[in-house]
Amino acid sequence: MDRKILVVGSSHTAVIAKAASGMDSLNALWVKNPKRDDGPGDITVQQASEAVAALNSSDILAITWVGTYHNIFGLAQHEQPFDFFEPRSSEEPDLTRELIPYGTLRRQFATTIGRDSFTRKIGGNTKANVVLLATPPVKGDDDFIRAKLKNYRGHNVEQAGVTPAFIRAKLWRLEMSCIESYCSDINVEFLPAPEAAFTEEGFLRTDLYGSDATHANVKYGAMVVDQLLQLKDACSGSSAPG
Amino acid sequence: MTKSEHPYRQLPDKAFWRRVVAAPDMPDVDPVGRFALKIGPQTRVATAGSCFAQHIARHLKASGFNYYVEEAGHPLISEEIRTAANYGTFSGRYGNIYTARQLRQLIERAEGQFSPVEAPWIEADGTVRDPFRPAVQPGNFASVAEMEADRRMHLKAIKRMFETLDVFVFTLGLTECWRSREDGAVFPLCPGVEGGTFDPGRYEFYNQTASDVIADMEAVIAYVTGINPHAQIVLTVSPVPLMATAVADEHVLTATTYSKSVLRVAAQALKDGHQNVHYFPSFEIITGAYNRGRYYADDLRNVTEEGVSHVMRLFLKHAASQESVTPLPVDTVSKESTFELAAARFVEVECEEEALDRG
């Protein structure tokens with residue numbers, strides 16, 4: 001029997017769906033915001049729950065849901081600018097900004113990620129092997145973000161400005177690290193962002209930029225599709241990935 | 001003066017033990033004598049000190065006073081996580097300051113007058129503690145560079161705090177301390193108890209005398225008054241007994257009596273010597289025989305919430321100015337409450353000293 005891959009989750013699913021259009025073995029569905037069933041997306045949480053329940057134990061369910069907190073926390077420049085030390089990095093933070101200890105910041109992110117009920121609910125409703133996808137790396141071009149974003153989640157970005165890219169990249173790495181730990185706790189495999197998607201400085205390659213401040217494009221979606229296909233091949237005939 | 005007249009006849013009730021200690025109902029006992037300080041809603045009140053000072057800070061926060069926190073943590077971090085990381089426990093993120101010497105050296109460090117030679121304490125897992133506030137960061141700092149940067153930020157905040165506060169409430173906790181043999185830097189905890197490694201060649205025990213405490217606090221008062229001439233200072237003595245004593249052959253009970261007596265004598269001398277220094281008798285409110293030990297929890301060390309409420313109710317009564325603050329919800333404990341109930345309501349405070357008697 002052919003193994004199937006189903007991707008369900010947030011708006012980042014859309015470019016994966018476009019990249020996989022026409023593929024029989026991979027289907028990607030954008031789940032609407034649970035608080036807004038009339039909002040953008042392909043299916044509701046309930047429909048997603050039903051879809052994953054129909055998967056077989058040899059199939060792969062890829063979820064993209066958590067992973068946007070780095071933007072919520074730090075995309076718009078806060079009135080109390082902050083920075084932090086990143087473990088195992090030789091880069092000095094900008095100490096003209098308020099220093100937040102890494103452990104404190106990590107606890108904040110881990111606590112927020114731990115409140116995710118979608119992954120646990122959807123992942124617990126399937127026999128398939130579950131993987132959680134990383135969100136795309138941050139964009140290093142602050143001007144691009146400023147041009148694309150006037151407001152973000154209640155912040156006037158035009159007025160407040162954008163947190164410098166090197167700090168946003170650190171926040172993204174912190175969040176991905178927390179998600180990886182979270183995955184380990186709930187026995188789900190974490191699939192990092194494709195290595196080839198990064199610049200040398202750790203940002204999303206500009207040719208992979210989506211049209212807005214936070215999303216990647218279909219080319220990035222295709223890279224994630226490749227990752228999932230490789231995962232499927234690697235798991236063929238073997239046990240679950242997670 | 002006739003034979004039947006004598007000085008005691010003219011004294012007010014509060015001078016007589018039977019009238020104001022033995023006779024009144026327990027919650028009505030008020031040992032505050034003259035307390036000249038008045039605190040208004042805009043008065044910036046900062047706190048520091050031993051474990052008991054955390055209760056004062058907590059009640060000030062809840063009471064409508066302008067409880068001044070200079071080192072509050074970043075507002076993007078949830079209050080729960082900031083609290084766990086000791087932001088707002090006191091006005092600065094210094095953790096418990098048990099001794100007068102510790103406070104004096106904190107100020108000297110903030111002013112760049114003293115740079116202890118003690119290196120950061122590196123744990124087996126590679127995380128790093130600040131020897132002068134070893135329990136302040138849960139999980140410790142990620143690196144020496146982070147710890148040192150956080151310390152610099154902390155010391156700047158301390159300086160700002162002293163420059164801008166209106167009232168500084170300091171609770172004197174202990175006389176016993178451990179210090180560096182090399183430069184005399186004192187630690188809040190004996191090295192090796194909560195981080196660090198004990199080495200008798202590098203560290204020595206010292207038990208402060210009344211003269212020591214007075215000299216240290218005189219330096220503190222001179223500093224605060226010098227950079228902030230309008231600042232008022234309130235001294236209290238922690239009623240929390242010693243967790244353990246390091247005085248050779250000493251019993252912890254007599255060591256506690258020595259320690260608290262020294263601190264009480266020092267507080268009186270400092271109050272008597274300075275118009276801007278006040279003494280508030282939280283020690284007497286908690287330890288006074290009138291409450292028959294009821295203000296101590298089952299461990300005979302931690303203070304019950306009922307006792308803390310008594311202290312803070314009287315603090316408000318005597319210190320709050322007329323236009324001042326929202327009354328504290330201190331009367332929630334009825335006179336009929338049982339000892340067990342009161343004891344169960346003692347409030348946990350972060351007290352690194354408890355690590356001294358951990359398995």
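The values are calculated or read from the model by the stated rules, or taken from the named source; none is laboratory data. Just so we're clear, the structure is a prediction, and the values are computed from it rather than from any experiment. Cβ atoms come from the backbone with ideal geometry, glycine included; neighbour counts cover every protein chain shown. Areas reflect the complete protein model, heavy atoms only, side chains present, ligands, DNA and RNA absent. Shrake-Rupley method; radii C 1.70, N 1.55, O 1.52, S 1.80 Å.
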Taking the stretch B:62-87 and the residues there that are open to solvent by less than 30 Å² (accessible area, probe 1.4 Å) and within 13 Å of chain A (Cβ to nearest Cβ), the one that is farthest from residue A:109 (Cα to Cα) would be B:71
Filter the stretch A:36-92 for residues that are under 19 Å from residue A:162 (Cα atoms) and away from every other protein chain (no Cβ under 14 Å); the one that is surrounded by the most Cβ atoms within 10 Å (Cβ to Cβ) is A:67
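Rundown of residues vs (1) away from chain B (no Cβ under 14 Å); (2) within 22 Å of residue A:216 (Cα to Cα); (3) polar (S, T, N, Q), yes/no style:
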residue	(1), (2), (3)
A:96	no, no, yes
A:113	no, yes, no
A:117	yes, no, yes
A:125	yes, no, yes
A:128	yes, no, no
A:135	yes, yes, yes
A:138	yes, yes, no
A:146	yes, yes, no
A:153	no, yes, no
Per the filter on the stretch B:118-143, residues open to solvent by 30 Å² or more (accessible area, probe 1.4 Å) and within 10 Å of chain A (Cβ to nearest Cβ) are B:126, B:138, B:139, B:142, B:143
Screening B:115, B:50 for residues that are away from chain A (no Cβ under 11 Å) and either more than 23 Å from residue B:177 (Cα to Cα) or modelled with pLDDT of 95 or more (or both) leaves only B:115
* **Test result for residue B:176, crowded, with 18+ Cβ neighbours inside 10 Å and at pLDDT below 95** => no
Going through the stretch B:233-251 in order, the residues found to be free of Cβ contacts under 8 Å to residues at least 24 places away in the same chain and surrounded by 15 or more Cβ atoms within 10 Å (Cβ to Cβ) are B:250
Note to self: Criterion first (outside any loop (DSSP other than H, G, I, E, B), farther than 24 Å from residue A:146 by Cβ and open to solvent by 50 Å² or more (accessible area, probe 1.4 Å)) does residue A:33 satisfy it?
What the structure shows: no
Taking the condition open to solvent by 10 Å² or more (accessible area, probe 1.4 Å), over 17 Å from the mean Cα position of the chain (by Cα) and more than 10 Å from chain B (Cβ to nearest Cβ), does residue A:102 pass? no
Within the stretch B:179-219, the residues that are surrounded by 21 or more Cβ atoms within 10 Å (Cβ to Cβ) and small (Gly, Ala, Ser) are B:185, B:195, B:196
Within the stretch B:167-206, residues being in contact with a Pro (Cβ under 9 Å, 6 or more places away or on another chain) and of a type in the set (Asp, Glu) number 4
Condition set under 13 Å from residue A:74 (Cα atoms) and open to solvent by 20 Å² or more (accessible area, probe 1.4 Å), scope the stretch A:157-171, selection modelled with the lowest pLDDT: answer is A:160
**Request:** Answer yes or no as to whether residue B:123 is of a type in the set (Asp, Glu) and within 30 Å of residue A:108 (Cβ to Cβ).
**Result:** yes
The lone condition residue B:18 fails out of (1) exposed (fewer than 14 other Cβ atoms within 10 Å of the Cβ); (2) within 22 Å of residue B:238 (Cα to Cα); (3) modelled with pLDDT of 95 or more is (2)
When the stretch B:298-322 is checked residue by residue, the ones that are among the small types (Gly, Ala, Ser) and in a loop (DSSP other than H, G, I, E, B) are B:321
- Message: For the structure I just gave you, tell me whether residue A:107 is open to solvent by 30 Å² or more (accessible area, probe 1.4 Å), within 14 Å of another protein chain (Cβ to nearest Cβ), modelled with pLDDT of 95 or more and under 19 Å from residue A:69 (Cα atoms).
- Response: yes
* Asked: Among the residues of the stretch A:214-221, is any at pLDDT below 95, more than 18 Å from residue A:71 (Cβ to Cβ) and over 13 Å from the mean Cα position of the chain (by Cα)?
  -> no
Residue A:80 vs (1) free of Cβ contacts under 8 Å to residues at least 40 places away in the same chain; (2) closer than 19 Å to residue A:33 by Cβ: all pass except (2)
Scanning the stretch B:146-167 residue by residue, the ones that are at the interface with another protein chain (Cβ under 8 Å from one of its Cβ atoms) and open to solvent by less than 40 Å² (accessible area, probe 1.4 Å) total 3
